[in-house]
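Down below is the structure, laid out as C-alpha cells.
No value in this document is a laboratory result; all are computed from the given coordinates. Computed from a predicted model, the values in this text were never measured in an experiment. Note: ideal-geometry Cβ built from the backbone for every residue, glycine included; neighbour counts use all protein chains shown.
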Amino acid sequence: MKQAPRAWYEKIHAYLISLGFENSPTESTLYVKRADNVFLIIVVYVDDMLLTGPNETHIADFKADLHASFEMSDLGHLHHYLGIQFMQVDGGIALCQIKCIDTLLKHFGLEDCKPIATPMETGLRLSIYDVGDAFDVVLYQRASGCLIYVCITRPDIQFTVS
C-alpha cells in the first residue's frame, strides 16, 4: 500500500515519543532521549534503525522494550549501512565507502582509471562561453549525485565535486 511507509513512521514516532524520546526539529528521522542518566540516539530509515548510546545496559533495555512491542531483528554492531562501511576503531568509528566507490567506478566504466593526488586539473579556467563536446546530461547528473554522496566520507574531494 502507498500509505504503509507513512503509517509505519507514525507508529514508530508515537512509540518513541511515548518512551521519552525527543524528535529533532531539523531531522525528522532523528530521536534523542536524555533522561536522568539515560542517553540514547536513534536514527530511523524506512524500516531500519540505528541505535547508539554510551551505556550498553540502556541500549540492551531499549532493545528488549522494542522487541516486546515489534517484530524485529538485532543485527548487532553496525558494519554496513546505505553504502557506507563502519569500522570500530580505538577512540571512535571510522567510515569508508570503498565498496560504493568500486561499484560507481564499474557503473561509469572507470574501473581502470589511474588515481591521482589532485582530482582536478590545476590552473584550469572555466567559462560559460566554452564550447565542448556534446555529452549525456542524465549520465552527468547521475555521476555528480553519486560523487556528492561519496563526499560523506571523502571531504578531500568535496571542493572538486562541488
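Miscellaneous remarks
- Residue order, fewest to most beta carbons within 10 Å, for Ser73, Ser162: Ser73, Ser162
- Dipole of the chain [Lys/Arg +1, Asp/Glu -1 at C-beta], most positive-end residue of Ile41, Thr118, Val137: Val137
- Put a plus charge on the Cβ of each Lys and Arg, a minus charge on the Cβ of each Asp and Glu, and nothing anywhere else: the dipole of the stretch 1-103 about its Cα centre is then about 300 debye.
- Quotient of the Cα radius of gyration of the chain and 2.2 N^0.38 Å, N being its number of residues: 1.40.
- Peptide packing: for 123-134, 12-23, the average count of neighbouring Cβ atoms within 10 Å per residue gives the ranking 12-23, 123-134, highest mean first.
- With θ taken as phi - 60° and the Karplus curve 6.51 cos²θ - 1.76 cosθ + 1.60 applied, the whole-hertz 3J(HN,Hα) list for the stretch 120-128 is 8, 4, 6, x, 6, 10, 9, 9, 5 Hz, x standing for glycine and proline.
- Note on the stretch 4-76: Cα convex hull, mean projected area over all directions, 5.0 nm².
- Each of Phe86, Phe135 has some number of other Cβ atoms within 10 Å of its Cβ, and from fewest to most they run Phe135, Phe86.
- Counting other Cβ atoms within 10 Å as a rough exposure proxy, the listed residues Met72, Met1 run Met1, Met72 from fewest neighbours to most.
- Per-peptide average of other Cβ atoms within 10 Å, ordering 137-143, 34-40 highest first: 34-40, 137-143
- Measuring nothing but alpha carbons in the stretch 39-85 and taking Rh as the Kirkwood radius, the Rg to Rh ratio lands at 0.95.
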